[in-house]
1. Does residue 158 satisfy the condition of being part of a helix (DSSP H, G or I) and either within 16 Å of the chain's Cα centre (by Cα) or at pLDDT below 95 (or both)?
2. Among what's in the stretch 246-260 and is near ligand 2 (Cβ under 10 Å from one of its atoms) and within 13 Å of the chain's Cα centre (by Cα), pick the residue that is surrounded by the most Cβ atoms within 10 Å (Cβ to Cβ).
3. Can you pull out every residue in the stretch 135-160 that is more than 25 Å from residue 5 (Cα to Cα) and near ligand 1 (Cβ under 9 Å from one of its atoms)?
4. Does residue 110 fit the bill of being modelled with pLDDT of 95 or more, within 16 Å of ligand 2 (Cβ to nearest atom), within 16 Å of residue 9 (Cβ to Cβ) and surrounded by fewer than 24 Cβ atoms within 10 Å (Cβ to Cβ)?
5. Among the residues of the stretch 116-134, write down those that are under 23 Å from residue 43 (Cβ atoms), in a strand (DSSP E or B) and within 7 Å of ligand 1 (Cβ to nearest atom).
6. Any residue in the stretch 203-215 that is more than 13 Å from ligand 1 (Cβ to nearest atom), outside any helix (DSSP H, G or I) and under 28 Å from residue 12 (Cβ atoms)?
7. Are any residues in the stretch 57-76 under 22 Å from residue 14 (Cβ atoms), more than 16 Å from ligand 2 (Cβ to nearest atom) and either outside any helix (DSSP H, G or I) or touching a residue at least 40 places away in the same chain (Cβ under 8 Å) (or both), and if so, which ones?
8. Return the residues of the stretch 275-295 that are exposed (fewer than 13 other Cβ atoms within 10 Å of the Cβ) and more than 15 Å from residue 190 (Cα to Cα); say none if nothing qualifies.
Ligand SMILES: NC(=O)c1ccc[n+]([C@@H]2O[C@H](COP(=O)([O-])OP(=O)(O)OC[C@H]3O[C@@H](n4cnc5c(N)ncnc54)[C@H](O)[C@@H]3O)[C@@H](O)[C@H]2O)c1
Ligand SMILES: [Zn+2]
């Protein structure tokens, strides 16, 4: 049994199926007209369970998220004589979902697509929300479109082949969702961290489901990030900067970024010291960093280059309690390291 969450998008609706399996993918696609896009790691671990479709395999990792890769995909699609009735299934983590979604949304001005999400991070974040795209010239996700996949299968069994570090990376986004929207989920994360880290079936299913539900609700209200969706960027202003200057994983950087944003929230009198301590404790329970040593000047420079910047100020997400976030326009200079 699996649970479905519906997402309403301007360009169509999407169904996220938490607990559905890769082996049932064939039920949701026109198998003969489907091209699968995946990466080599996912293929090595799970290729045996793919339906009998044509497969485009790309190199794993963020460095493949380029227009060159997309161009290669278009060329392969032409070779396969893909047409308007073709279907693209992305099977992989956030990188594959972003690339496959972008290629499908632009090839022939858009053909049908869906995902099987294979990392915890992509299940709770990347595959939900209809944003997809690639990096260019050192800027992340700078070229892309909003377009919803028809479905996302979050197969929890796939998580067992992930490295521990990649797994923890995904927990950072679950902690983020709890911190900004759901104090009950926050408590659940505190009380069940051992089961969560061991991927105990009911626990991980609840965490993925609750997380998708939170993100889906926000995205349904604000698909194009005009207001409320900005709250999902909690921890990400500093997080993106740490990711860039330290070369660490996204979730690791966001964890330390959430703590930095909480400290500013405490300084502004929005968040209590005890709440900051509770957040730090939870992040540590999940083996994620609360503090990083970094080059402050370089990090500040990276923040200034953040593409979400409006002039001299930016929309910064603060916490006004565990489970509640506020977005404030604050001058970039306020974020400058002392
Ligand atoms: N579109 C969005 O809204 C959104 C949101 C968050 C993140 N993202 C994007 O997602 C990307 C990060 O996603 P990610 O962390 O999933 O990275 P990823 O896709 O690179 O996957 C991480 C690593 O795990 C491997 N892998 C994937 N599934 C596996 C499995 N089941 N078993 C073993 N190995 C497996 C991959 O080959 C890769 O080496 C970034 O590019 C980020 O920009 C997008
Ligand atoms: Zn993130």
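1. no
2. Within the stretch 246-260, the subset near ligand 2 (Cβ under 10 Å from one of its atoms) is 250-251, 253-254, 257.
Next, only the ones that are within 13 Å of the chain's Cα centre (by Cα) stay: 250-251, 254.
On the way: 250: 23, 251: 28, 254: 30.
Among those residues, the one meeting the criterion is 254.
3. 135, 140, 141
4. No.
5. If the condition is that a residue be under 23 Å from residue 43 (Cβ atoms), in a strand (DSSP E or B) and within 7 Å of ligand 1 (Cβ to nearest atom), then 132 is the only one that fits.
6. Within the stretch 203-215, not a single residue is more than 13 Å from ligand 1 (Cβ to nearest atom), outside any helix (DSSP H, G or I) and under 28 Å from residue 12 (Cβ atoms).
7. Within the stretch 57-76, just 70 meets the criteria.
8. 291, 293, 295
The values are calculated or read from the model by the stated rules, or taken from the named source; none is laboratory data. Bear in mind the structure is a predicted one, so any value in this text is a computation, not a measurement. FYI the Cβ positions are ideal-geometry reconstructions off the backbone, even for glycines, and counts take in every protein chain you see.
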